[in-house]
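Engineer: The structure that follows is given in the form of structure tokens.
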Amino acid sequence: MSLRILVVGAGIAGLAAARGLRVAGFRPEVVEALPATMLPSAGIYLPGNATRALRQLGLDVPLRPLGDLIFRQVFLDTRGGKLFEMDVAGLWSGVGESRVLSRADLQQVLLTGVGGGVRFDTEVRDVQIVDGAAKVEFSTGGIAEFDLVVAADGRRSTIRDKVGLGGPAVPTGQIVYRAVVSGGPPVTDWTAVLGRRSQFVAMPMGGRRLYCHADETAPDAPNPADPVERLRELFGSFGGPVPAILDKIEKVQVARTDEVVLPSWSTGPVVLVGDAAHATAPTLAQGAAMSFEDGWVLGQELRDAAGDIPGALRAWEERRRPRCAEVRERTRERDRTRDVPPALRDPMLRRRGVSIFTDHYRALVSPV
């Protein structure tokens, strides 16, 4: 059956959904409010289950030359002393490689996977559900009807609001800092230095570059006017590779993180995917993985539904909701552990860190 499908958003979740639909035999349209020149500038860490989902989407081969592989995660205390290390390659053995790469490179792989057919500078102004179809009004002036609208427009989804699928995203209280550093110290492992309600993570991403991801729990603090200076204030006393990295940091992206928890992810012919449906803090680096899995499963359920779109969306949500809830709960657990005062946390992590942190991923080793 030929379905008229619109994907709203050409970020990771939207392009993954579009690819999953194409693999299943559909030809969705994709629109994006931003211009094509707005490529992401930070890095991204993809754990093994993200790579497995990309393999299911047929996109693992173009990914292989990009970035750098991660075999270990090393956790250090504030002074740079080792707390414990995780065998990442062993954890994801038989599932997929763990990789750090440029978000812009990942975006290009995903764009190639949908044939490049994205209408940029095109915003959805309104969505109305009429007789089981979705009537969509675009910022370009056009109006069209679709059998299915896939809303992949992020944590602050406007489609979610327009169709009444839930309220706004809820802040987690974290401020996140992201930077790509060239010419920094030689870091060969994913390396985290844990502070008091804060952490600084550095990882190799190829080309002698490091992707740095730092955060602090500060629910009442304003966003810093000078993120670089705030990083130096927060982490200037840290040991390990942090001082040498701070010397090289020139530009920092800063953002607050949110959670999205909804009673339902679809209504009629409209479905939310990715962060629009189930955003969490980025602590476990599962945002992209969950979006890749969303896209794969959505395509398979629609293919098998013989035109029963509401039935396909119910089946899709039944498969995805428990897994995404698991990620949310394990993310909260990891953040609570991180925010225990170091005098209590560090001895505990030296004894049990491997088992505690490995357990956060154990359910995700299983296939979707």
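The values are calculated or read from the model by the stated rules, or taken from the named source; none is laboratory data. The structure displayed is predicted, hence computed values, not measured ones. Note that each Cβ is placed from the backbone with ideal geometry, even for glycine, and that neighbours are counted across all protein chains shown.
Engineer: If I ask for residues that are at pLDDT 95 or above and outside any strand (DSSP E or B), which ones from segment 140-150 would you list?
Structural biologist: Residue satisfying the conditions is Asp147 alone.
Engineer: Follow-up question, since we're still on this one. Residue check, Ala89 against (1) surrounded by 15 or more Cβ atoms within 10 Å (Cβ to Cβ); (2) touching a helix residue (DSSP H, G or I) at 6+ places or on another chain (Cβ under 9 Å); (3) aliphatic (A, V, I, L, M); (4) modelled with pLDDT of 95 or more, all met but one. Which one?
Structural biologist: With (1) surrounded by 15 or more Cβ atoms within 10 Å (Cβ to Cβ); (2) touching a helix residue (DSSP H, G or I) at 6+ places or on another chain (Cβ under 9 Å); (3) aliphatic (A, V, I, L, M); (4) modelled with pLDDT of 95 or more applied to Ala89, the lone miss is (1).
Engineer: In segment 260-282, what residues are surrounded by fewer than 23 Cβ atoms within 10 Å (Cβ to Cβ) and not small (Gly, Ala, Ser)?
Structural biologist: Hits for segment 260-282 are Val261, Leu262, Pro263, Thr267, Pro282.
Engineer: Sticking with this one: Considering only residues that are modelled with pLDDT of 95 or more and either at positive phi or exposed (fewer than 13 other Cβ atoms within 10 Å of the Cβ) (or both), which ones fall in segment 103-124?
Structural biologist: Asp121
Engineer: Have a look at Val100, Val127 and point out the one that is out of contact with any helix residue (DSSP H, G or I) (no Cβ under 9 Å at 6 or more places or on another chain), surrounded by 13 or more Cβ atoms within 10 Å (Cβ to Cβ) and in a strand (DSSP E or B).
Structural biologist: One residue alone meets the criteria, Val100.
Engineer: Can you list the strands (runs of 3 or more DSSP E) lying wholly within segment 1-80 that have 1 or more residues being surrounded by fewer than 20 Cβ atoms within 10 Å (Cβ to Cβ) and out of contact with any Leu (no Cβ under 7 Å at 6 or more places or on another chain)?
Structural biologist: 68-70, 72-76
Engineer: Next up: How many of the residues making up segment 85-125 are without any contact (Cβ under 8 Å) to a residue 40 or more places away in the chain, touching a Phe, Trp or Tyr at 6+ places or on another chain (Cβ under 9 Å) and charged (D, E, K, R)?
Structural biologist: Of the residues in that region, 2 qualify.
Here is a yes/no grid of residues against (1) among the charged types (D, E, K, R); (2) under 25 Å from Arg256 (Cβ atoms); (3) crowded, with 21+ Cβ neighbours inside 10 Å; (4) out of contact with any strand residue (DSSP E or B) (no Cβ under 6 Å at 6 or more places or on another chain):
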position: Asp294; (1), (2), (3), (4): yes, yes, yes, yes
position: Pro310; (1), (2), (3), (4): no, no, no, yes
position: Ala315; (1), (2), (3), (4): no, no, no, yes
position: Arg320; (1), (2), (3), (4): yes, no, yes, yes
position: Glu326; (1), (2), (3), (4): yes, yes, no, yes
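Engineer: Still on this structure, I have one more. For segment 336-344, check the following and say yes or no: at least one residue is under 18 Å from the mean Cα position of the chain (by Cα), surrounded by 15 or more Cβ atoms within 10 Å (Cβ to Cβ) and in contact (Cβ under 8 Å) with a residue 60 or more places away in the chain.
Structural biologist: No, segment 336-344 has no match at all.
Engineer: Since Gly166 meets every condition but one in (1) under 28 Å from Tyr45 (Cα atoms); (2) touching a helix residue (DSSP H, G or I) at 6+ places or on another chain (Cβ under 9 Å); (3) surrounded by fewer than 21 Cβ atoms within 10 Å (Cβ to Cβ); (4) not charged (D, E, K, R), which condition does it not meet?
Structural biologist: Here Gly166 clears every test but (1).
Engineer: While we're here: Could you check how many residues of segment 81-97 are of a type outside the set (Asp, Glu) and assigned to a strand (DSSP E or B)?
Structural biologist: 4
Engineer: Let me ask something else. Of all residues being assigned to a loop (DSSP other than H, G, I, E, B) and more than 20 Å from the chain's Cα centre (by Cα) in segment 245-259, which is surrounded by the most Cβ atoms within 10 Å (Cβ to Cβ)? Just the residue, please.
Structural biologist: Out of the qualifying residues, it is Ile249.
Engineer: Looking only at segment 204-233, which residues are closer than 11 Å to Gly173 by Cα and touching a Ser or Thr at 6+ places or on another chain (Cβ under 9 Å)?
Structural biologist: Asp215, Glu216, Thr217, Ala218, Pro219
Engineer: Go through segment 218-244 and count every residue that is in contact (Cβ under 8 Å) with a residue 40 or more places away in the chain, closer than 24 Å to Ser41 by Cα, surrounded by 12 or more Cβ atoms within 10 Å (Cβ to Cβ) and touching a strand residue (DSSP E or B) at 6+ places or on another chain (Cβ under 7 Å).
Structural biologist: 6
Engineer: How many of the residues in segment 174-188 are touching a helix residue (DSSP H, G or I) at 6+ places or on another chain (Cβ under 9 Å) and assigned to a strand (DSSP E or B)?
Structural biologist: 7
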